[in-house]
Amino acid sequence: FGGKMKQPTGAPAEWEGEILREAGLSPEVWDKFPQLTSGTRRAYLIRPEGLIVEEEGPGTICFRFTLPSGAYATTLLREFQKGEEAAPSEK
């Protein structure tokens, strides 16, 4: 959240508005602290480009990919580390 953040529309705007109301806040609160809450918005879903997964040796896997600005490789790699219990579509 923040004063410079691109504002959502439709259902996302309703969800964020509800979150603010439940917290007792209004969007104007961010204007009071511009140095702390400039506001950014990240994509909900990203797709890595050029994803290559190779076994490099016993017990060693190498991931190669490119992510857009604002996405974190550690977040993507954490998804690969989840166990089978994290895959509800396979249950």
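The values are calculated or read from the model by the stated rules, or taken from the named source; none is laboratory data. Worth saying up front: this structure is predicted, and the values here are computed from it rather than measured. FYI the Cβ positions are ideal-geometry reconstructions off the backbone, even for glycines, and counts take in every protein chain you see.
For (1) assigned to a helix (DSSP H, G or I); (2) of a type outside the set (Gly, Ala, Ser); (3) modelled with pLDDT under 90; (4) more than 18 Å from the chain's Cα centre (by Cα), each residue gets a yes or a no:
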{"site": "GLU28", "(1), (2), (3), (4)": "yes, yes, yes, yes"}
{"site": "LEU51", "(1), (2), (3), (4)": "no, yes, no, yes"}
{"site": "ILE61", "(1), (2), (3), (4)": "no, yes, no, yes"}
{"site": "GLY70", "(1), (2), (3), (4)": "no, no, yes, no"}
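Answer yes or no as to whether LEU36 is exposed (fewer than 10 other Cβ atoms within 10 Å of the Cβ), modelled with pLDDT under 90, among the aliphatic types (A, V, I, L, M) and closer than 20 Å to LYS4 by Cβ.
Judged against the criteria, LEU36 is a match.
Could you list all residues from the range 30-49 that are assigned to a helix (DSSP H, G or I) and under 24 Å from TYR72 (Cβ atoms)?
TRP30
Taking the condition modelled with pLDDT under 90, out of contact with any Cys (no Cβ under 8 Å at 6 or more places or on another chain) and acidic (Asp, Glu), does GLU18 pass?
Spelling it out, it is not the case that GLU18 is modelled with pLDDT under 90, out of contact with any Cys (no Cβ under 8 Å at 6 or more places or on another chain) and acidic (Asp, Glu).
Hey, does the range 22-32 have a residue that's under 18 Å from LYS6 (Cβ atoms), outside the structural domain of GLY2 (by TED's automatic domain parsing) and surrounded by 11 or more Cβ atoms within 10 Å (Cβ to Cβ)?
No, the conditions are met nowhere in the range 22-32.
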